[in-house]
Each structure stands twice: as structure tokens, then as C-alpha cells.
1. Strictly over 18 Å apart at the Cα level, which of Lys61/Lys300; Lys316/Lys373; Lys150/Lys373; Lys150/Lys315; Lys283/Lys336 would you flag in this model?
2. What value, in deg cm²/dmol to 500, does the helix sum -39500 (n - 2.57) over DSSP H runs of n ≥ 4 give at 222 nm once divided by the residues of the chain?
3. So, with +1 on the Cβ of K and R and -1 on the Cβ of D and E, and no other charges, what is the size of the charge dipole of the chain about its Cα centre, to the nearest 20 debye?
4. ³J(HN,Hα) across the stretch 340-353 via Karplus (A = 6.51, B = -1.76, C = 1.60, θ = phi - 60°), whole Hz, x for Gly/Pro?
5. Over what distance in Å are the Cα centres of the stretch 82-112 and the stretch 278-300 separated?
6. Report the calculated FRET efficiency for Thr377 and Thr237 (r = Cβ-Cβ distance, R0 = 41 Å), to the nearest 0.05.
7. Given a 1.4 angstrom probe, what's the average accessible area per residue across the stretch 183-236, in square angstrom?
8. When the C-alpha atoms of the stretch 8-127 are aligned to their principal axes, what extent does each axis show, in angstrom, from largest down?
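The values are calculated or read from the model by the stated rules, or taken from the named source; none is laboratory data. Since the structure is predicted, the reported quantities are computational estimates derived from the model, not experimental observations. Virtual Cβ from ideal backbone geometry, glycine too; neighbours counted across all protein chains shown. Surface accessibility is based on the protein's heavy atoms, side chains included, excluding ligands, DNA and RNA. Shrake-Rupley method; radii C 1.70, N 1.55, O 1.52, S 1.80 Å.
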Amino acid sequence: MKIPAFLIIAFFSFLLSAAPRLQNKLQLPGVIYAVPGIECNIYFENTFLTINPANFAFEVKCAKGRCDEKRWRFTPKTTETGSYDLTLRVFDDEGIVAERTAKVVVVPADSGKGRELSLLLVGSSNIAHQHAFPRHIYSLFQTPGNPALKMIGENGPADSKAVRHEGYGGWTYKLFTSAGRKRVKGRGSNHRENPFWNFKTASLDFPAYFKKNNSGKSPDFIIVSLGGNDTFIWDDTNIDKALAELRDRIRIFVSALRKAAPDAVIGLNQMEYCSKSQDAFGKNYGTLQTRWQTRKNLFKYRNMLEEFVKSSGDKKLFAIPIYIAIDNENNVVRQKESANARNKTKVLRDANGLHPLPAGYQQTADLVYAWIKYQLTQSK
């Protein structure tokens with residue numbers, strides 16, 4: 001029996017309407033780590049690549065936490081350690097357009113208690129800016145039930161010898177896999193040679209770095225927070241080629257790290273720092289780059305980083321989803337300025353496209369802290 005064409009069309013139209021239509025626009029890590037007493041967040045806009053998230057509704061189903069308009073949040077109690085299923089759905093007027101599932105894992109607040117832990121943070125301004133990220137990591141590890149933390153690095157705030165890192169504003173994987181920058185008088189630590197570089201062999205030399213900065217011992221944990229500057233100038237015409245080149249830089253850097261630190265747990269931060277408003281990008285960059293292009297670049301970068309980690313076969317290499325944790329609407333720098341040249345009424349506008357208030361760095365540090373605490377439950 002011949003089936004009428006209109007029935008075939010209707011059937012396939014039904015399948016298309018029933019299936020998530022924008023599934024590849026939604027990012028959500030498979031596991032979300034949490035610690036009692038510290039707020040855990042999923043900011044919906046950061047997970048879903050769309051120009052206007054207000055056109056969509058977001059729904060979270062989970063035994064824990066609450067689903068607000070723009071985020072899911074959960075501050076576990078000490079009695080709530082364990083694993084919980086979570087489903088994030090995105091809707092438009094026609095129904096579900098994307099859906100992902102995850103596990104929320106709450107680890108004990110005293111995970112790692114009594115141990116000694118060394119940590120190396122490598123990154124750009126997301127580590128170095130006001131030293132807010134490393135400061136908060138350090139402060140979290142000073143709370144009861146934590147291991148003794150030693151931070152390694154040649155950079156850090158002047159008022160603390162304990163808060164150390166290798167974060168330098170404007171740095172990229174390219175700089176960290178080469179000689180770095182020429183020193184420029186008066187330009188601060190951002191203009192310096194690569195601290196991991198051996199100028200005699202023209203190659204990365206992490207053993208020499210560890211000898212100089214950690215008595216020859218490799219760190220227990222290494223967090224690499226790069227990608228924002230690498231991806232910033234990309235556009236739709238060069239992004240695929242640029243991703244391939246960046247992946248090769250990451251491979252060189254991570255391979256050298258792994259060779260020098262075979263037992264270290266290495267985490268690669270999946271970046272998101274990005275003001276909610278194009279006004280901030282206009283103020284900082286004129287017409288050089290837009291917020292929308294930056295978001296597209298970071299979205300593809302995070303996918304690439306996830307695939308890179310999975311394909312590496314390295315069981316101690318991870319992608320850390322800091323992108324889900326930051327409030328890009330409220331934890332941003334704002335300034336008052338005239339509405340326009342003919343109207344001197346002062347309006348408040350976002351003024352920094354890629355650098356949040358300290359609270360933004362603290363939110364992502366909370367997530368990294370929970371991730372480290374989980375890793376401490378997996379090793380003794």
C-alpha cells in the first residue's frame with residue numbers, strides 16, 4: 001500500500017518538532033561538584049548559545065536546589081553529601097529545544113583533612129586580575145577540615161607570600177609555549193619571560209621550574225586557566241583553523257606538564273568571563289570585537305577542550321566547567337556616563353567586557369575548590 005505523501009511529510013515534521021532542535025547549542029558538564037556551605041550555580045545563559053536568552057524558558061529538575069529565572073542554585077548542608085540527578089531543559093513556544101543531564105556530587109567538607117597539598121595556578125588576567133581568584137582559593141583552604149595548602153608561583157599580591165600563581169594579564173597558550181614577552185620597564189609582571197621556558201634549549205622545562213619554586217617536587221594539582229585571550233580575535237571566517245592551531249598549543253603545554261608531573265591532577269578551565277552587555281565591549285574594544293562573537297568563540301573553545309580531554313586517555317586530566325558558575329549580569333564592573341552627547345542624564349553601563357568584579361572570580365574559585373575537594377576523595 002502506497003502511503004500518501006502528505007502523511008510522510010506530517011510524520012517527519014512531527015519527529016522534527018518532537019526532537020530537541022537546538023541540542024548542540026546547550027553545554028552542561030556531566031558532573032557538577034559541590035561542597036556543604038558553598039553556593040553551587042548553573043547560570044542558564046552561560047550554558048546556551050543564543051543571542052537573546054529571554055526568548056527561552058529554562059527548567060531544572062533535581063531533588064536539590066531551586067530553579068530561578070536565570071539560574072539553578074544549591075547550597076548543600078553537611079547532611080546532603082551524595083549524588084543527585086539533574087536535568088536541564090530549554091523551551092521555546094513550540095516545546096523543548098534542548099536537554100542535558102548531569103550528576104550533582106556533594107563531597108564532605110573535610111575531604112583531604114590532614115594532608116599537605118601543593119597547587120600551581122597558570123593563566124592570564126582571570127588569575128592575575130586583582131589576584132582575586134587565587135586569593136579566594138587560598139582563603140577557602142584555610143577553613144576547618146582542609147589540607148594544608150602550598151601555592152606555587154612567581155607572581156602574587158604584595159601583601160601575601162602565601163598566595164602565589166603564574167597568572168599574567170594578556171597571556172595565551174602561545175606565550176606559555178614560547179619565550180614569553182620581552183620585559184618592558186614600568187609594565188609590571190605581564191611583560192616578562194615565560195617562567196617555564198629554558199632559553200638554552202628553547203623549550204619548556206617544567207623540571208627546572210619545579211626545582212626553583214617547589215624544591216624539585218611536582219605539584220599535586222595544576223589548574224590551567226587560559227583560552228580567553230587565545231580566542232578573542234577569532235571570527236567565523238578563521239575559527240576552525242584557529243581552533244586546530246590552539247589545540248596543538250594545548251597539547252604541547254599539557255604534554256610537557258604531564259611528563260614533568262606524572263602524578264599531578266591537571267584541570268583545564270573552560271572559560272566564560274564575559275559581561276552581559278555589548279556596552280562593555282564597545283567601551284573596551286571599540287569595534288574590534290563583539291560580545292556575541294566572543295561568546296561563540298568561547299562556546300566552541302569549551303567544546304574543543306572537552307573533546308581534547310576525552311581523547312587524551314589521561315585519567316588525571318580534566319576540563320573544569322567554570323563557565324556555569326559566574327553571574328555575568330550582576331558581578332560586573334559598571335560606570336556612570338552621560339546617556340549621549342545631547343543628554344547629560346547619567347546612566348549606569350557595563351564597563352569591562354572580560355573582567356568581572358572580585359565576586360565573579362570568587363564564584364568560579366568556589367567551583368574549582370569543590371572540584372579539588374572531590375579529587376581529594378578519589379586519592380589518598
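1. Lys61/Lys300; Lys150/Lys315
2. -9500 deg cm²/dmol
3. Dipole of the chain, to the nearest 20 debye: 1000 debye.
4. 6, 5, 9, 9, 8, 4, 7, 10, 9, 10, 4, 10, 9, x
5. The two parts, judged by their Cα centres, are 29 Å apart.
6. The computed FRET efficiency comes out at 0.35.
7. Spelled out: the 1.4 Å probe surface of the stretch 183-236, per residue, equals 54 Å².
8. Per principal axis, max minus min of the Cα coordinates gives 66, 37, 25 Å.
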